[in-house]
Amino acid sequence: MPTTSDGRPGLTASQTVGPYLAIGLTWEHGEEAVDPGTPGAVTVSGTLYDGEGVPIPDGMVEIWQAHPDGRFHHPDDPRGVAEAPPGFRGFARAQTVDGGRWSVLTLVPGAVPGPDGTTQAPHLDLSVFARGLLDRVVTRVYFPEHAGVAGPGGHAEDRVLAAVPAHRRHTLVAQQVDGGYRFDIRLQGENETVFFDI
């Protein structure tokens, strides 16, 4: 215990506990929402940055998504449980590594129903766990090829995306790159990713 100059007990320095995400929360092949070699499989990857633009090497990114047909292989889907494509789990967790890089292997999801008969554009639901966060933060990853789609399944028809100020929507849209998509996550600061209160 630290002491003051007159011998009295001093204050103990505060420290952030954890996040210890690699202990029990990640698993071998956990970053694969679909088996490698699955037709149509793509990589979605990026870098996780803190508020000062410094990569976070000890975070975790988690995705949850619909099938390419827009249904969930889950009993809570109001349309009933859908048959999953072979090897498709619809869920993945990736630990960030040196340089804050993360990557998941998945399939591009289909459009899903929204409230009042609307349709939500294809997207991944994404959670971030990292040092300095007492709880996860949640966002979405939209795909650039649906930006120009007119009608259901396009960005313009998605009420969630439409609720985001136009000048911030780009923080929710991945960039197409060789072999998949890039989606950088910025927890604060310039170009901060839009996060949702759930």
Notebook entry, point to check: Hey, what do the phi angles of the stretch 136-149 turn into as Karplus ³J(HN,Hα) couplings, whole Hz, using 6.51/-1.76/1.60 and θ = phi - 60°, x for Gly and Pro?
Noted result: 5, 10, 10, 9, 10, 10, 9, 10, x, 5, 9, 5, x, 6
Next item on the list: Add +1 for every Lys or Arg and -1 for every Asp or Glu among the other residues with Cβ under 13 Å from the Cβ of residue 84, and state the total.
Entry: -2
Check: How large is the dipole of the chain about the Cα centre if only Lys and Arg carry +1 and Asp and Glu carry -1, each at its Cβ, rounded to the nearest 20 debye?
Finding: 200
Next item on the list: May I ask for the net charge around residue 146, where only other residues with Cβ less than 11 Å from the Cβ of residue 146 are counted and Lys, Arg are +1 while Asp, Glu are -1?
Entry: -3
Next item on the list: Taking 7 Å along the Cα-to-C-beta vector as the label spot, tell me the residue 29-residue 159 distance in nanometres, rounded to one decimal.
Entry: 3.9
Margin query: Rounded to the nearest 10 Å², what accessible area does residue 182 have for a 1.4 Å probe in the complete protein model?
Written below: 70
Check: Per residue, how much accessible area does the stretch 21-186 have with a 1.4 Å probe, in Å²?
Finding: 49
Check: Any idea of residue 5's accessible area? Nearest 10 Å², probe 1.4 Å.
Finding: 130
Item checked: Cα lying deepest toward the dipole's positive end in the chain, options 10, 123, 30, charges on Cβ -> 10
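Where does the charge balance sit around residue 57 when Lys and Arg score +1, Asp and Glu -1, over other residues with C-beta under 15 Å from its C-beta?
It works out to a net charge of -3.
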Note to self: Projecting each Cα onto the charge dipole of the chain (Lys/Arg +1, Asp/Glu -1 at the beta carbon, about the Cα centre), which of 156, 174, 53 comes out farthest on the positive side?
What the structure shows: 53
Note to self: Check which residues have an amide H placed less than 5 Å from residue 32's amide H, if you skip close sequence neighbours.
What the structure shows: 93, 105
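Considering just Cα atoms, how many Å³ per residue does the convex hull of the chain enclose?
Details: hull volume 33.0 nm³, N = 198.
It comes to 167 Å³ per residue, whole-number rounded.
Per DSSP H run of n ≥ 4, the term is -39500 (n - 2.57); total these for the chain, divide by its residue number, and report the mean residue ellipticity at 222 nm rounded to 500 deg cm²/dmol. Don't skip to the end; give the middle numbers.
Numbers: 1 runs with 4 residues, N = 198.
After summing the helix terms and dividing by the residues of the chain, the value is -500 deg cm²/dmol.
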Next item on the list: Please give the length that would be gained between residue 84 and residue 176 if that part of the chain were fully extended, namely 0.36 nm times their separation in residues minus their C-alpha to C-alpha distance (nm, one decimal).
Entry: 30.6 nm
Item checked: Simple label model, 7 Å out from Cα along Cβ direction - residue 97 to residue 43, nm -> 1.0
Check: Using a 1.4 Å probe on the protein chains only, how many percent of the accessible area of the stretch 21-186 belongs to carbon and sulfur?
Finding: 54
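The values are calculated or read from the model by the stated rules, or taken from the named source; none is laboratory data. For clarity, every value in this text was computed on a predicted model and none was experimentally measured. Here Cβ is always computed from backbone atoms with ideal geometry, including for glycine, and neighbour counts include all displayed protein chains. Surface accessibility is based on the protein's heavy atoms, side chains included, excluding ligands, DNA and RNA. Shrake-Rupley method; radii C 1.70, N 1.55, O 1.52, S 1.80 Å.
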